[in-house]
Structures are given as C-alpha cells and as structure tokens.
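Taking it in order: structure first as structure tokens, then the write-up.
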Amino acid sequence: METNPPKDDALDKFNRRIAALEHALGEATTQNQTLRTENHDLHRDYATLRLHKGGFGFKSLLFTGMMGTLVGLMLAAAYLFFRPKDAHVAAFEHFQYEHQFNIELAISQGNFDQAEHLLKESLEKPENQSIKPEIEFSRKIVGAARRRCK
C-alpha cells in the first residue's frame, strides 16, 4: 500500500497552484507596468498639448484682466459724465436758466428797473445765497448800463 501518493498529489496540486499564482502575478506585474507607462505617456501628451494650446489659465487670466480694465474705464467715464456738481455751480446754473433771458430782454428794451428788480428778488431767495457775489456783480453791470444809456 502506498501512502505517499496522496501527499504527492496534494504537493503536486499545491505546486501547480503556486505556479498558476506566480504566472498570474507575472502577468499582473506586466500589465501594471504597461498601464503605468501608458498613464505616463498620457500625462506627458496632455502637458505637451496644454503648452501648445496656450493653456486655459492664461487665456482666462488675460480675459479677466481686459474685462476689468474695460469696466474700470467705463466707470471712470460714467463718473466724469455724471459726477455731482458743486452747489455753487448748480445754483448759478439754476439762476441762469430761470432769469438770464428775462434780464437780457429787460435790458435790451431799456427797462433797467425791471432787470434790477429781478436781480434784487433773486438776492433775497435763500437758494441763491451761495451766488450772492455774482448777483451783486450783475446788478452793478445793469446799473452801469443804465448810466451809460441815459
């Protein structure tokens, strides 16, 4: 009777299993190396492509910089166009708009009393206190024109 064959059979089975695992490990190692090489090649190609295309980062940086500059220029132009006027200038423009035509008409018709009366009324208004020197100067001019014309 042989008692060795079962041990040899189990050992043989175990050796075949080890050989199969070593073969599978060798294939897995080869496949792993192939995949690593392919991954490295893809990364290198991607980096080369980004360099050739200029990269999205630089383009977006350039775009945002130019848009910021344009918006800044537009805001500066809007400020210059719509900036608030000085109260003195605004009051004098309002005075001119309301009274200049009537004063010039009265002077051209020789009615200096009416022109002086309009200027005196304008001096008494509280909104015209900031332009009081200009209104007094206009009264002096009307007075001089009256003396010259008489």
Subset of segment 92-143 [without any contact (Cβ under 8 Å) to a residue 24 or more places away in the chain and not in a helix (DSSP H, G or I)]:
GLN109, ASN111, LYS125
So how many residues does segment 134-150 have that are closer than 14 Å to GLN114 by Cβ and within 52 Å of the chain's Cα centre (by Cα)?
2
What's the number of the only condition in (1) aliphatic (A, V, I, L, M); (2) more than 44 Å from the chain's Cα centre (by Cα); (3) more than 30 Å from PHE137 (Cα to Cα) that LEU119 fails to meet?
(3)
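Since every read-out is calculated from the coordinates, none of them should be taken as a lab result. Since we're looking at a predicted model, the values are computed, not measured. Positions of Cβ are backbone-derived with ideal geometry, glycine not excepted, and every protein chain shown enters the neighbour counts.
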